[in-house]
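Chemist: Mind looking over this structure? Questions follow.
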Amino acid sequence: MMSSFFSDKKRENEVIAERSLSAKDFAGAAIAFARAAECSIAMADQSHGPIATCFHDDACDLLGLAEELKAKAQAHPSARKRVSTTDDLSDKPSRWGSENRPSVKFGDLKGLDEAKQIVFDAFIAPVKHPEVFKTLNITPGTGLLLYGPPRTGKTMFARAVANEIDATFMHVKLNEIKSRWVGGSEENVSSMFAEARKFSRCVLFLDEADALLRKRGNQRVSAVEQFLIESDGFSQPGNQPFILLATNRPWLLDSAVLSAGRISQYIHIGLPTAPVRQQIIEAGLKDVPVSDDVDIERIVDMTNGFAGGEIHHQKGGGL
Ligand SMILES: Nc1ncnc2c1ncn2[C@@H]1O[C@H](COP(=O)(O)OP(=O)(O)O)[C@@H](O)[C@H]1O
Ligand SMILES: [Mg+2]
């Protein structure tokens, strides 16, 4: 049984860190985050498998924060900046990459029939046939969460949604948004939404969403709050983007993000079944000369438990 000692100590230090941050005592906050990281490492040592990995990742994040705050304490003792409006950001050149209607289609994505059906009903059909859905008093969904193991096609799925509704695709990765400066993440969240609203229709895809929008309890709360402000379509001018969040660790997400009404569906993207693996393998071999003695069924058996991305290595040119 995991001792609650370290988890209590961790929480205690996170509270101290929060308090130090409010008092702009960055050195104090850095020390408290480093202590919280030590507790996470201790909990990782006491656990196994994915839980140990979670604690380990948490410790890395906390150590990263401690490092940043240490540097900040040394270099910039100035106040942290909050951003609650996007007006002042609109003239800056864009830092966010976007893709005009991606070419990948739902048909390229093998299996995941249930997930496709959910997104078709909630997003695609109401966007494509607004007149029909208006009479039924149904408006298109505004956001959804894709969760499941890595390399199972979450990114590909999000791009295919953008293709289906003829939208611009903005793929935002964690390292682009997590600022080295306290307060900078909120600014990044604001700027990202301002950019997305410039397009008449945009799918805003936030990869590794758990790292930015994780549960309250440390300073990342400010990025969560900024996300809630920005994703509230009623108080923001311009077109609201469709928000797709992806994560391998949905339990880390802040519950406010999921309960605010913006994220209306949670879709599990799981490992492919045998028939789906067969389709992925066959699609991968489509343009490759294959010897007669290649036993596809055997490969299907051998790849049990593999994600689609592990079966089909694009960089290596197929299997
Ligand atoms: N169901 C699938 N059908 C076809 N290709 C898939 C599927 N799942 C994964 N792939 C392949 O794996 C690659 C990686 O998937 P990706 O969307 O990046 O996964 P994730 O975002 O879940 O980590 C895709 O570009 C695609 O080539
Ligand atoms: Mg991905």
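The values are calculated or read from the model by the stated rules, or taken from the named source; none is laboratory data. Predicted, not measured: the structure shown is a model, and the values here were computed from it. With ideal geometry, Cβ positions are generated from the backbone for all residues, glycine too; neighbour counts draw on all protein chains shown. In case anyone asks, the SASA skips ligands and DNA or RNA and just uses the protein heavy atoms, side chains included. Shrake-Rupley method; radii C 1.70, N 1.55, O 1.52, S 1.80 Å.
Chemist: Out of Ser103, Ser78, Ser47, which single residue is modelled with pLDDT of 85 or more, of a type in the set (Gly, Ala, Ser) and not in a helix (DSSP H, G or I)?
Modeler: One residue alone meets the criteria, Ser103.
Each row is one residue, and each column tells you yes or no for (1) over 23 Å from Arg249 (Cβ atoms); (2) modelled with pLDDT under 85.
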| residue | (1), (2) |
| --- | --- |
| Leu271 | no, no |
| Gln278 | yes, no |
| Glu282 | yes, no |
| Pro289 | yes, yes |
| Asn304 | yes, no |
| Gly308 | no, no |
| Gly316 | yes, yes |
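Chemist: Within the range 127-143, identify whether any single residue is within 15 Å of ligand 1 (Cβ to nearest atom) and either on the phi > 0 side of the Ramachandran plot or touching a residue at least 40 places away in the same chain (Cβ under 8 Å) (or both), and answer yes or no.
Modeler: no
Chemist: Can you tell me which residue among Gly148, Gly111, Gly143 is under 27 Å from Val189 (Cα atoms), assigned by TED's automatic domain parsing to the domain that holds Phe199, surrounded by 19 or more Cβ atoms within 10 Å (Cβ to Cβ) and more than 16 Å from ligand 2 (Cβ to nearest atom)?
Modeler: None of the other options fit; the residue is Gly143.
Chemist: Is it the case that some residue within the range 229-244 is within 15 Å of ligand 2 (Cβ to nearest atom) and at pLDDT 85 or above?
Modeler: Yes; the residues of the range 229-244 include at least one that is within 15 Å of ligand 2 (Cβ to nearest atom) and at pLDDT 85 or above.
Chemist: Can Lys154 be described as open to solvent by 10 Å² or more (accessible area, probe 1.4 Å), among the charged types (D, E, K, R), touching a strand residue (DSSP E or B) at 6+ places or on another chain (Cβ under 7 Å) and touching a residue at least 40 places away in the same chain (Cβ under 8 Å)?
Modeler: Judged against the criteria, Lys154 is a match.
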